[in-house]
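To start, the structure itself, in structure tokens.
The values are calculated or read from the model by the stated rules, or taken from the named source; none is laboratory data. The structure displayed is predicted, hence computed values, not measured ones. Ideal geometry is used to build each Cβ from the backbone, glycine not excepted, and the neighbour counts take in all protein chains shown. We work out accessible area using only protein heavy atoms, side chains counted, and drop any ligands, DNA or RNA first. Shrake-Rupley method; radii C 1.70, N 1.55, O 1.52, S 1.80 Å.
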Amino acid sequence: MSVSVRKSSRAPGPAAGTAPRRRPSPGAVAAAGVAVAALLVPLLLPETQVSVYVLLVLAATVVVGLSMLMGYAGQVSLGQASFTMIGGYTAALTATHGLPTGLGLLLAPLAAAAAAALVGVPLLRLRGHQLAFATLAIQLILLSLVGRQEWTGGDIGLQGIPRLRVAGYEFAGEVSYAYLALGALGLAVLITRHIVASRPGRGLRALATSEVAAASSGVPVAAYKQAVFALSAGFAGLAGGVYAFYIGYVAPGSFPVLLSFEYVVMVVVGGAGTIWGALAGATAITLLLQLLNDIGTREGMPASAPTVLSYAVYGLLLVLVVLFLPRGLVPSATGWWERRTAGKPMEG
């Protein structure tokens, strides 16, 4: 009896044990490029411009948390600068009373998050513009209280804050604080990415879509809102702590109400609920404000010119973004690119 052997018609595949190589995604390539650029910029900028870079990165740290609060929990805070102030004063008071400066930087985000968790119990029962005005009122009250207390330095503030020392290293130069601010931003981004990709993150995405539907699906809406509110405040407190050690001085005037509006504008312009939107919005608004400040402080301009120009640009930007880019710069650009690539015929 003969046995016929059928030859397989399948093309020979790769050898066993070898896996096809995966090309890095465009997002990963972009993230790596931005990270490299962020590390190189402090070394390439003139020393006089590094301070703008530090303030930009600190603003981005705050806006990452606020973007998550607005994009996922659906809550608008017009008092985010109050948590930055809590973090700044916590770090300053710790350092000026002889305690380790590293401890002050550690306590800054914890104090801000604890304060947000405390005031969030009654505040987060409000919605929409009521919550926004309530958070604004919290900042106004806090500014008034801090300006009247002797232990906070009153309206003059706290001066002579010592330089930050961690493990024997003293942060003394502009570049060192630039990398410290980058470290704070990197920590905020990593925590946010981890939360968004986790199981609570899926609950937050459901909460952003429909609060009623999320609650009916078993998502603890109140607890999630409280947690995101406290976490965003913790990011703001961390930025405030770095700011206190960088400037060496904190006062109520360092954290005006306009700063809270600035953070909200950054989120709206960049795109709420996205890390890239927070980074893009913080970069665009900080550089724009720097340009307006240069124009407003030129010879012949009135003393109120920088503030007036800032308010005018905030209003104009919000109108333009709401009319033409309601999702913000980054989500709109991403959607345009996806539509463009989807319309191209497949090659090969």
Worksheet item: When you count, for each residue, the other Cβ atoms within 10 Å and take the mean per peptide, how do 233-243, 48-58 rank with the highest first?
Response: 233-243, 48-58
Item to complete: Quick one: grab the alpha carbon gyration tensor of the stretch 112-193, order the square roots of its eigenvalues as a ≥ b ≥ c, and give me rounded if a/c is under 1.5, else prolate or oblate depending on whether a/b is larger than b/c.
Response: oblate
Practice prompt. Counting only heavy atoms of the protein chains, get the accessible area per residue of the chain (1.4 Å probe) and round it to a whole Å² value.
Written response: 55 Å²
Fill in: Dipole of the chain, positive direction: furthest Cα of 270, 201, 229, with charges on the beta-carbon
201
Worksheet item: Got a sec? Charge dipole of the chain, +1 on Cβ for Lys and Arg, -1 for Asp and Glu; which of 119, 251, 293 is way out at the positive end?
Response: 119
Discussion item. With +1 on the Cβ of every Lys and Arg and -1 on the Cβ of every Asp and Glu, and nothing else charged, how large is the dipole of the stretch 90-197 about its Cα centre, in debye rounded to the nearest 20?
Written reply: 360 debye
Item to complete: With no solvent and one equal point scatterer per Cα, compute the Debye intensity ratio I(q)/I(0) for the stretch 172-263 at 0.14, 0.20 Å⁻¹ and report its log10, rounded to two decimals.
Response: -0.67, -1.01
Worksheet, complete the sentence: Checking rank on 120-128, 179-187, 265-273, with mean other Cβ inside 10 Å and highest first, the result is 265-273, 179-187, 120-128
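To the nearest 20 Debye, how big is the dipole of the chain about its Cα centre, given +1 on the beta carbon of each Lys and Arg and -1 on that of each Asp and Glu?
Numbers: 21 positive and 11 negative charges, 412 e Å.
Computed charge dipole of the chain: roughly 1980 debye.
Just reorder 86, 285 by solvent-accessible area, largest first, 1.4 Å probe, all chains present.
86, 285
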Fill in: Convex hull (Cα only) mean projected area of the stretch 238-348, reported in nm² to one decimal
10.6 nm²
Practice prompt. Only helices at least 18 Å long along their axis, Cα-based, and averaging 0.0 or more on Kyte-Doolittle count here, so list those DSSP H runs from the chain.
Written response: 26-44, 47-71, 80-96, 101-123, 128-146, 174-197, 221-247, 257-270, 275-296, 305-324
Worksheet item: Rounded to the nearest 10 Å², what accessible area does residue 165 show when all protein chains are kept and the probe is 1.4 Å?
Response: 120 Å²
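So, by mean Cβ neighbours within 10 angstrom, what's the order for 149-162, 248-261, 287-300 with the highest one leading?
248-261, 149-162, 287-300
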Practice prompt. Would you please give the residues with an amide H less than 5 Å from that of residue 166, counting only those at least 5 places away or on a separate chain, with H modeled from the backbone geometry?
Written response: 171
Practice prompt. Scan (1) 5, 25, 33, 25, 10, 1, 0; (2) 5, 22, 31, 22, 10, 4, 3, 2, 1, 0, 0; (3) 5, 23, 30, 24, 13, 3, 0 for the value of P(r) over Cα pairs in 10 Å bins from 0, in percent calculated from this model and give just the label.
Written response: (2)
